[in-house]
1. Between residue 244 and residues 5 or more places away or on another chain, which pairs have amide H atoms under 5 Å apart, with H built 1.01 Å from N, and which residues are they?
2. Here are some pairs, 116/270; 187/301; 116/216; 86/279; which of them have Cα atoms lying more than 20 Å apart in this structure?
3. Just add up the charged neighbours of residue 256: K/R +1, D/E -1, any other residue whose Cβ is under 9 Å from the Cβ of residue 256.
4. Once you place label points 7 Å from the Cα toward the Cβ at residue 117 and residue 162, how far apart are they in nm?
5. Can you classify the range 125-189 as rounded, prolate or oblate using the Cα gyration tensor, where a ≥ b ≥ c are the square roots of its eigenvalues, rounded means a/c under 1.5, and otherwise it's prolate if a/b beats b/c and oblate if not?
6. Kindly state, to the nearest 0.05, the FRET efficiency for residue 96 paired with residue 139, given R0 = 22 Å and r defined as their beta-carbon distance.
7. Under a point spin-label approximation (7 Å from Cα along Cα-to-Cβ), what is the residue 193-residue 17 distance to one decimal in nm?
8. Hey, any idea what the orientation-averaged projected area of the convex hull of the range 81-145's Cα atoms comes to, in nm²?
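Laboratory data are not the source of any read-out in this text; all were calculated from the coordinates shown. Remember, it's a predicted structure, so these values are computed and weren't measured experimentally. A quick note on method: Cβ atoms are made from the backbone with ideal geometry, for glycine too, and the neighbour counts reach across all protein chains shown.
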Amino acid sequence: MPSLKGKKVLYIGQRFFGYEKEIKLMLEREGASVDYYNERPSSTFLTKAYIRLKLQSLIYLKIQNYYNDILETIKDIEFDYVFIVKIETIDEKILKSLKKSQPNAKFILYMWDSLKNYKQNNKILDLFDRAYTFDSNDVKSYSNLTFLPLFYIAKYQNSEEYKIKNDLCFIGSGHSDRYLVVKKLFKIASSLNLSQYTFFFLQSKIIFIFRKIFDKRMRDAKMEEFSFTSLSQEEIIQTMLESRAIVDIEHPGQIGLTMRTIEMIGLKKKLITTNRSIKEYDFYNENNIYIINRNNLKLDKAFFDLPYQELDDAIYKKYSLQNWIQTIFLEGMNN
């Protein structure tokens, strides 16, 4: 059986609520030695803002210098794999420099955002030996992409019963129309006497003020409704375990299932989601998953009365981080 034991992995990926640490740790548990670098040159507010607004050209010198430093640091290391998760700042020129630096390495890409949101990535897919995406629509458009959903980490693996405090729970960032949809949905929940917990997160008060001014969907939002400090994973998990159903509102331009959706498999929690594509997945069970229309919100109170139905053990294993890593690295070794 293929193994990562003794393999060297250069892992470049964004810092995202600690998931990059979990991926690195799992690679190491599989036997690899891993050097990790943030895909972005820094995590400052200004850098993130340029990237989100697709203005990388304004900080390109900073990006180029950052990757030149990485290339200098790794010049004497021969990696077996270069693993990049979600490209935003790496362009064709930088990627070719990485390939020149590591001529014997297998280059692997995983996208947990839709390619249509990052059209510059279309040019560089052919530079990878293998490329994966969480978006089933992207696979239809690009023949060199392989579909692979996201994962849940070990912390989200639950087999205990917890005292329920809330019928509905939403924890997430306040992007796109999420704020408006959740507020309307929870108003309906209140009319049905369903208890609820809401936690909206934004990176800073500046972002809140900007969105309140320029995004009409945030016009009625109040600053005290948002937190500018994220919850710890332990706090998130505890709150979800004490909730009957978790609400997930995917980005309007997104087809792939969010991390939150997959985490509910591990937590064995019921899910309320706006993502209709969830019906296509092997874990879909209408007893556990309630699909809502963000433009015509409705809730059926009977959904909350039905207990969660356990899935096959094979499903829980399939969507684990360990299986995600093994699929990308070990199953693909012969490809």
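1. The answer is 166, 167, 168.
2. Numbers: 116/270 30 Å; 187/301 14 Å; 116/216 24 Å; 86/279 25 Å.
The answer is 116/270; 116/216; 86/279.
3. Working: positive: none; negative: 113, 135, 138, 250.
Net charge around residue 256: -4.
4. That separation, rounded to one decimal, is 2.6 nm.
5. Numbers: a/c = 3.66, a/b = 1.70, b/c = 2.16.
Oblate, since a/c reaches 1.5 and b/c is not below a/b.
6. Values: r = 25 Å, r/R0 = 1.14.
The value I calculate is 0.30.
7. Here the modelled spin labels are 3.3 nm apart.
8. Value for the range 81-145: 3.9 nm².
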